[in-house]
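What follows is a short report on a single structure.
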Amino acid sequence: MTLFSRYRILLPIASLALLLAVTFYVQPRTMSYFGLNLLFNLAVPIALATIAQMLIIMVNDIDLGIGAFVSLAACVAATFLEQSPLIGAMIMAALILSYALMGAMIHALALPAIVVTLGMSFVWGGLALFLLPSPGGTSPAWLRAIMTVKPPLMPMALVAACLIAGVTHWLIARAGIGTVLRGVGGNADAVRRAGWSLVRLKALAYGLAGLFGVLAGMALVGLTTSADANIALRYTLLSIAGVILGGGEFTGGKVSPAGAVIGALTLALAASFLSFMRLSPDWQIGAQGAILIAVLAARLLFNGRDGARR
Amino acid sequence: MTQNNKLFSAAVIGAISLTLSGMTQAQEATADKRVALSNNYAGNSWRQVMLQSFEETAEQATNDGVIDAADAYTTSENQATEQAAQIQNLILQGYDAIIIDAASPTALNGAVQEACDAGVTVVSFDGIVTAPCAWRIAVDFEAMGHQQVDYLASRLPDGGNLLEIRGLAGTSVDEQIHAGIQRGVETHDAFRISGSVHGDWAQEVAQKGVAGLLPSLPEIAGVVTQGGDGYGTAQAFDAAGRDMPIIVLGNRQDELQWWQEQHAKDGYETLSMSIAPGVASLAFWVTQQILAGEEVPKDLTVPFLKVTQDTLESVLEETPRGSVANTVYTLDDAQSVIASADNG
């Protein structure tokens with residue numbers, strides 16, 4: 001058994017470290033407090049969205065609506081949350097609740113999550129357009145203050161990444177309920193026979209995903225200072241890529257919260273790195289895909305060797 | 001209008017020869033400055049010509065020693081968050097100025113603020129940003145909408161039903177042109193908008209949308225558009241066998257070509273207007289002026305490029321297939337735009 005397959009988290013860390021080293025070499029200006037913050041601050045909302053996606057993937061589903069949902073949360077944050085915080089908070093709570101309901105419905109009616117979430121993405125998108133027919137809104141001052149805070153020693157982006165990874169690791173890997181939730185993805189029947197209500201567990205997983213989706217939207221607005229209805233659409237695919245890049249798998253409840261955060265940082269860094277390399281935009285999507293495939297191939301190589309021996 | 005004609009003849013004569021009256025002090029002041037273009041989208045003819053205009057102007061200026069470097073960057077997915085990251089990367093790359101054609105007027109403000117705080121000059125054009133520290137070279141899109149109805153009113157004094165082709169939902173340009181059209185219809189109350197459809201500034205989307213809507217519409221006298229959607233609309237009317245209304249066009253080559261063919265057939269006349277993609281070269285020169293220490297107001301306005309029956313032949317000759325009618329701006333044009341904003 002190799003070191004990499006025993007500790008699932010090592011490969012994502014190694015990929016990020018390698019990419020970071022190359023980026024420092026190509027553009028030495030990034031090697032500073034200021035530089036690291038600019039490099040990673042927009043990865044914070046991506047990391048939160050990736051955690052949301054991870055919670056869904058953990059219960060063997062996939063969420064194709066998270067990008068639109070984060071956009072909607074951003075629009076709410078830039079409008080209601082700023083003008084009347086109470087109503088804003090209530091709408092956010094309603095959004096989280098509707099995500100939980102969506103999870104319960106997917107399980108109760110045995111609907112394919114991929115279709116339901118894709119369908120709901122148009123509902124989120126429509127609501128977002130309804131709130132902000134044209135780009136605008138303002139970030140609440142406190143949100144802007146949180147996202148631009150300059151803590152000592154480490155830039156905000158890295159502090160936030162550690163915080164998100166720490167909290168979700170505790171929730172998923174250490175807390176009892178996290179173990180049960182991972183069990184839903186691993187062996188739902190066993191969890192059901194143990195006396196748990198699967199509908200409630202799925203609703204909980206989706207509700208938590210909704211919570212992180214809302215947080216992602218708020219973090220995004222804190223960074224951009226305002227929103228538009230299409231602001232986070234690309235988060236859908238980025239978040240899925242982030243989960244997988246971070247050592248998660250599509251089935252079996254095998255996910256890693258710290259890995260997911262690292263995966264999100266790696267994706268953001270890959271885009272910056274390609275931009276520093278002055279690669280033509282026509283090639284950038286392809287090159288980003290190549291980085292993704294390279295990391296996945298490395299994982300397959302290490303895990304595959306392990307699997308063959310067992 | 002005189003401004004347009006002047007720019008036009010400049011374009012016809014041979015456009016980009018930057019016959020500047022010697023190297024002034026202002027130009028030497030920027031000889032060591034580096035400028036980057038942050039562009040959010042390159043997927044249509046307008047943007048392609050825009051990038052080409054910028055690159056030609058930048059290359060000439062670099063060769064002349066006016067500026068050290070001017071590089072163009074385009075994001076691959078046309079998303080605001082991606083462009084915000086790109087702008088932050090450009091700050092890290094140490095550019096002195098960033099010229100932006102923005103994916104969103106507001107969603108980039110955080111990144112723009114970071115740039116300003118780092119001492120970088122930010123100039124936005126076409127897709128402008130609202131951050132107060134940035135310069136804006138804007139098009140009066142509302143006037144563009146209003147003038148379409150004005151033109152139709154001059155052609156159709158009795159009024160009639162209008163079909164409105166809208167742009168991409170949720171964008172500010174779409175909102176502004178729409179608002180202008182609404183005001184125009186209020187001014188000329190013989191007109192009423194009897195249908196509207198989103199054409200997303202693309203011929204095929206417009207064609208599909210109009211074809212779906214046509215059977216439910218009464219007789220249409222005129223079509224107000226946003227550019228890039230006129231030819232598709234005409235195709236839909238043609239396919240449905242309906243009488244061709246006056247379609248206000250948006251300077252695309254296929255639209256102008258169609259107009260010429262229609263005119264040859266039955267004397268069809270209309271008006272075409274849009275913002276010239278060469279506005280990127282104007283943004284470049286304005287940025288150069290700011291870097292040179294000139295006093296430049298934060299809000300500038302570019303005139304739009306109109307094509308009438310009289311200028312159709314010459315413009316169409318100048319416009320390559322699949323492209324957009326264009327004019328490239330010079331330093332003199334930039335200075336006159338700045339001066340007119342000062343007076344206004």
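List of remarks:
- Selection from segment A:39-69 of residues that are on the phi < 0 side of the Ramachandran plot and not in a helix (DSSP H, G or I): A:Asn41, A:Leu42, A:Val59, A:Asp61, A:Ile62, A:Asp63, A:Leu64, A:Gly65
- Pairs, first assigned to a helix (DSSP H, G or I) in segment A:169-192, second at pLDDT 90 or above and of a type in the set (Asp, Glu), C-beta under 9 Å, six or more apart: A:Gly185/A:Asp61
- Residues that are at positive phi and either hydroxyl-bearing (Ser, Thr, Tyr) or more than 9 Å from chain B (Cβ to nearest Cβ) (or both) within segment A:110-138 comprise just one, A:Ala110.
- Filtered by the rule that a residue be charged (D, E, K, R) and in a helix (DSSP H, G or I), segment B:299-344 gives B:Asp310, B:Glu313, B:Glu317, B:Glu318, B:Asp332, B:Asp333, B:Asp342.
- All positions within segment B:82-107 that are under 23 Å from the mean Cα position of the chain (by Cα) and at the interface with another protein chain (Cβ under 7 Å from one of its Cβ atoms): B:Glu82, B:Ala84, B:Gln86, B:Ser104, B:Pro105, B:Thr106, B:Ala107
- Enumeration of residues in segment A:11-23 that are touching a Gly at 6+ places or on another chain (Cβ under 9 Å) and not small (Gly, Ala, Ser): A:Leu11, A:Pro12, A:Ile13, A:Leu16
- Filtered residues of segment A:66-98 (kept if in contact with a Leu (Cβ under 9 Å, 6 or more places away or on another chain) and surrounded by fewer than 24 Cβ atoms within 10 Å (Cβ to Cβ)): A:Thr79, A:Phe80, A:Glu82, A:Ile87, A:Gly88, A:Ala89, A:Ile91, A:Met92, A:Leu95, A:Ile96
- Residues in segment A:234-254 that are part of a loop (DSSP other than H, G, I, E, B) and under 13 Å from the mean Cα position of the chain (by Cα): 3 in all.
- Single condition A:Ala145 does not satisfy, out of (1) more than 14 Å from chain B (Cβ to nearest Cβ); (2) within 27 Å of A:Met90 (Cα to Cα): (1)
- Any hit, segment B:251-269, residues being within 25 Å of the chain's Cα centre (by Cα), of a type in the set (A, V, I, L, M) and in the same structural domain as B:Leu162 (by TED's automatic domain parsing): no
- Residue within segment B:198-212 that is of a type in the set (A, V, I, L, M, F, W, C), away from every other protein chain (no Cβ under 14 Å), part of a strand (DSSP E or B) and surrounded by fewer than 18 Cβ atoms within 10 Å (Cβ to Cβ) present: no
- Scanning segment B:275-330 for residues that are aromatic (Phe, Trp, Tyr) and in contact with a Phe, Trp or Tyr (Cβ under 7 Å, 6 or more places away or on another chain), we see that the one that is modelled with the lowest pLDDT is B:Tyr329.
- Selection of strands (runs of 3 or more DSSP E) fully inside segment B:61-136 by the criterion of at least 3 residues being surrounded by fewer than 24 Cβ atoms within 10 Å (Cβ to Cβ) returns B:69-74.
- Restricting segment B:167-183 to residues that are assigned to a helix (DSSP H, G or I) and either touching a strand residue (DSSP E or B) at 6+ places or on another chain (Cβ under 7 Å) or without any contact (Cβ under 8 Å) to a residue 40 or more places away in the chain (or both), the residue that is farthest from B:Ile128 (Cα to Cα): B:Gln182
- Residue within segment B:188-201 that is touching a Phe, Trp or Tyr at 6+ places or on another chain (Cβ under 6 Å) and within 22 Å of B:Phe304 (Cβ to Cβ) present: no
A quick yes/no check of all residues on (1) at pLDDT 95 or above; (2) farther than 12 Å from A:Ala78 by Cα; (3) among the polar types (S, T, N, Q); (4) out of contact with any helix residue (DSSP H, G or I) (no Cβ under 9 Å at 6 or more places or on another chain):
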| site | (1), (2), (3), (4) |
| --- | --- |
| A:Met120 | yes, yes, no, no |
| A:Pro133 | no, yes, no, no |
| A:Gly137 | no, no, no, no |
| A:Met154 | no, yes, no, no |
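- Within segment A:278-294, restricting attention to residues that are more than 18 Å from the chain's Cα centre (by Cα) and within 12 Å of A:Leu19 (Cβ to Cβ), the residue that is farthest from the other protein chains (Cβ to nearest Cβ) is A:Ala294.
- Residue match in segment A:255-267 (condition: assigned to a helix (DSSP H, G or I) and surrounded by fewer than 23 Cβ atoms within 10 Å (Cβ to Cβ)): yes
- Across segment B:105-118, not a single residue is classified as in contact (Cβ under 8 Å) with a residue 12 or more places away in the chain, outside the structural domain of B:Thr30 (by TED's automatic domain parsing) and polar (S, T, N, Q).
- Tally, over segment B:137-166, of residues that are within 18 Å of B:Gln226 (Cα to Cα) and assigned to a strand (DSSP E or B): 8
- Within segment B:111-140, being within 12 Å of another protein chain (Cβ to nearest Cβ), closer than 19 Å to B:Phe304 by Cα and touching a Lys or Arg at 6+ places or on another chain (Cβ under 9 Å) holds for one residue alone: B:Ile128.
- Test: residue in segment B:44-58 that is in contact with a helix residue (DSSP H, G or I) (Cβ under 9 Å, 6 or more places away or on another chain), facing chain A (nearest Cβ under 7 Å) and β-branched (Val, Ile, Thr): no
- Among the conditions (1) under 14 Å from B:Thr81 (Cβ atoms); (2) within 12 Å of chain B (Cβ to nearest Cβ), A:Leu274 misses just one, which is (1).
- Only residues that are of a type outside the set (Val, Ile, Thr) and either in a helix (DSSP H, G or I) or out of contact with any helix residue (DSSP H, G or I) (no Cβ under 7 Å at 6 or more places or on another chain) (or both) were counted across segment B:268-298, and they come to 14.
- In segment A:17-36, the residues that are facing chain B (nearest Cβ under 10 Å) and surrounded by 15 or more Cβ atoms within 10 Å (Cβ to Cβ) reach residues that are assigned to a helix (DSSP H, G or I) and of a type in the set (Lys, Arg) with C-beta atoms within less than 7 angstrom, at least six apart or across chains, in these pairs: A:Gly35/A:Arg29.
- Counting residues in segment B:146-165 that are closer than 29 Å to B:Glu56 by Cβ, surrounded by fewer than 20 Cβ atoms within 10 Å (Cβ to Cβ) and more than 9 Å from chain A (Cβ to nearest Cβ) gives zero.
- Some residue of segment B:249-266 being surrounded by fewer than 24 Cβ atoms within 10 Å (Cβ to Cβ), of a type outside the set (A, V, I, L, M, F, W, C) and not in a helix (DSSP H, G or I): no
The values are calculated or read from the model by the stated rules, or taken from the named source; none is laboratory data. As the structure is a computational prediction, the values presented were derived from the model and not from experiment. Here the Cβ is made from the backbone with ideal geometry for all residues, glycine too, and neighbour counts use every protein chain on show.
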